[in-house]
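Notes follow once the structure below has been shown.
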2 protein chains.
Amino acid sequence: MQIDIQLLPLPPSIEILSGRTVVVIDVLRATSVIVSALARGAAEIIPVSTVEDATRVAETFPRGSTLLGGERESRKIEGFDFGNSPAEYTSEKIRGKRLILTTTNGTKAFHSVAGAKEILAGSFLNARATAQRCLDSGRDILIFPSGDKGRFSIEDVACGGMLIERIAERRGRHLDLSDAAFSSRLLYERFKGGLVEVLRLSDHGKDLLALGLGEDLLYCAQTDITDLVPIFTHGVIRIF
Amino acid sequence: MQIDIQLLPLPPSIEILSGRTVVVIDVLRATSVIVSALARGAAEIIPVSTVEDATRVAETFPRGSTLLGGERESRKIEGFDFGNSPAEYTSEKIRGKRLILTTTNGTKAFHSVAGAKEILAGSFLNARATAQRCLDSGRDILIFPSGDKGRFSIEDVACGGMLIERIAERRGRHLDLSDAAFSSRLLYERFKGGLVEVLRLSDHGKDLLALGLGEDLLYCAQTDITDLVPIFTHGVIRIF
């Protein structure tokens, strides 16, 4: 079993994707929102790249069945039901609903890896279950941090490192880590005693703190609060 | 002063390059060879991308003035004077000569960053002097690890982390590290007690060990054996 991690959010080649399980990670905040909304009963989530796509896709469904969520420049989009703070997605509001989600980094990332055999949404919130699902797949794994506007995002790579550590603890010697995967595991080890630290010092985390969204960092730094692993298939993210 | 590091060896945009000092790093082995050959008296080094370019460029100079060096699949190229082991480049052979060098990763990297304000060749061998030159430049810095056939190379990023640590120790709070630069510094800290370890466990280092080139790892893991900082300008690498 090989594990690699793509340190910059560039679309991998179809040769790399095919046959692999890919884990998309956007700790701040798209995959944390996705995990939270599904854990609180959302029926399904459709990740789209643009605000225009979001409203167009919403119009194809019956009124009242579908809600809009996401951000631009980290702020809620005008006319949308939700921003990109996981705590907004309460069970009361989201249960049984379809969510159309568009964010700067995370929702695009799912489309960047669309040629993979299986695509999971990972975060600190569901790290244990995601690692287990990777182990159960038996496939080679590519971890895909969503990055920060095309740049390296330390918090996503640290989360990838957590998955790698948990997989490595189970597989031991029967695991082939790339240089990037090995380095990510070391990065995680530096922060494992207090994950909120890596969120606070990250470029993206600093932006959120400046906008008064510090509560989101505390929320997204929680580990293993659910065993759900969202899966992206045919354009839709669901729990199977 | 900002410091960033490009974790995958993709050509940066001209907007990123212009105005910056770029440090190209290929610890195994191109920049270690470049530093060593110039330290032992080579007149200048012309990095080229292909074997054909190397022989074509050599023919434009008087016979006897120019030597050919480099590797493909880590082995010496047929008909060339040198492979890519720094120890081959003895003072006796290289003094006063022009070297045309072509390697899989490192020599291409110089051309990838050709739009930068200033381009330095960094390695563990000349780390202290390279960090000082970056400080003296007063410019924003981009560290450019050459990678391993387009992939992340842990040994080059660890060397970048060493430069970042040395610059940070001098600049203190007046330094703006990107997430990637911060992570590279942490990676270096993990290995600073014994740099040869990061070479031995790297994908590229393992390939060299399998080819019986373990001596090259010991050589390239040495720190600060010279204060020379090679500079790439107008297609040629020289000491100014």
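So which of B:Phe61, B:Phe80 is surrounded by 17 or more Cβ atoms within 10 Å (Cβ to Cβ), aromatic (Phe, Trp, Tyr) and farther than 19 Å from B:Asp227 by Cα?
Within the list B:Phe61, B:Phe80, the selection yields B:Phe80.
Please go through region A:140-168 and pick out each residue that is part of a loop (DSSP other than H, G, I, E, B) and either among the hydrophobic types (A, V, I, L, M, F, W, C) or closer than 21 Å to A:Met1 by Cα (or both).
Passing the criteria: A:Asp140, A:Phe152.
One line per residue, one yes/no per condition, for (1) among the acidic types (Asp, Glu); (2) under 22 Å from A:Asp4 (Cα atoms); (3) more than 13 Å from the chain's Cα centre (by Cα); (4) at pLDDT 95 or above:
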site	(1), (2), (3), (4)
B:Ile119	no, no, no, yes
B:Phe124	no, no, no, yes
B:Arg171	no, no, yes, no
B:Ser183	no, yes, yes, yes
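Looking only at region A:138-167, which residues are away from every other protein chain (no Cβ under 14 Å), touching a Lys or Arg at 6+ places or on another chain (Cβ under 8 Å) and not β-branched (Val, Ile, Thr)?
The answer is A:Arg139, A:Asp140, A:Met162, A:Glu165, A:Arg166.
Give me the pairs, please: first residue somewhere in region A:45-71 and among the hydrophobic types (A, V, I, L, M, F, W, C), second residue anywhere and surrounded by fewer than 16 Cβ atoms within 10 Å (Cβ to Cβ), beta-carbon distance under 6 Å, and either six or more positions apart or on two chains.
A:Ile46/A:Val236
Please give the helices (runs of 4 or more DSSP H) falling wholly within region A:1-113 in which 2 or more residues are over 16 Å from A:Ile239 (Cβ atoms), more than 13 Å from the chain's Cα centre (by Cα) and among the hydrophobic types (A, V, I, L, M, F, W, C).
It comes to A:14-17, A:51-59.
Before we move on, is A:Thr102 modelled with pLDDT of 95 or more and surrounded by fewer than 22 Cβ atoms within 10 Å (Cβ to Cβ)?
No: the conditions fail for A:Thr102.
Any residue at all in region B:188-208 that is more than 10 Å from chain A (Cβ to nearest Cβ), touching a strand residue (DSSP E or B) at 6+ places or on another chain (Cβ under 8 Å) and not acidic (Asp, Glu)?
No: region B:188-208 contains no residue that is more than 10 Å from chain A (Cβ to nearest Cβ), touching a strand residue (DSSP E or B) at 6+ places or on another chain (Cβ under 8 Å) and not acidic (Asp, Glu).
Tally time: how many residues in region A:83-99 are touching a Gly at 6+ places or on another chain (Cβ under 9 Å) and either buried (at least 24 other Cβ atoms within 10 Å of the Cβ) or basic (Lys, Arg) (or both)?
So the answer is 6.
Would you pick out the residues in region B:150-181 that are surrounded by fewer than 24 Cβ atoms within 10 Å (Cβ to Cβ) and not charged (D, E, K, R)?
The answer is B:Gly150, B:Ile167, B:Ala168, B:Gly172, B:His174, B:Leu175, B:Leu177, B:Ser178.
The values are calculated or read from the model by the stated rules, or taken from the named source; none is laboratory data. No experiment lies behind these values; they were computed from the predicted model shown. Ideal geometry is used to build each Cβ from the backbone, glycine not excepted, and the neighbour counts take in all protein chains shown.
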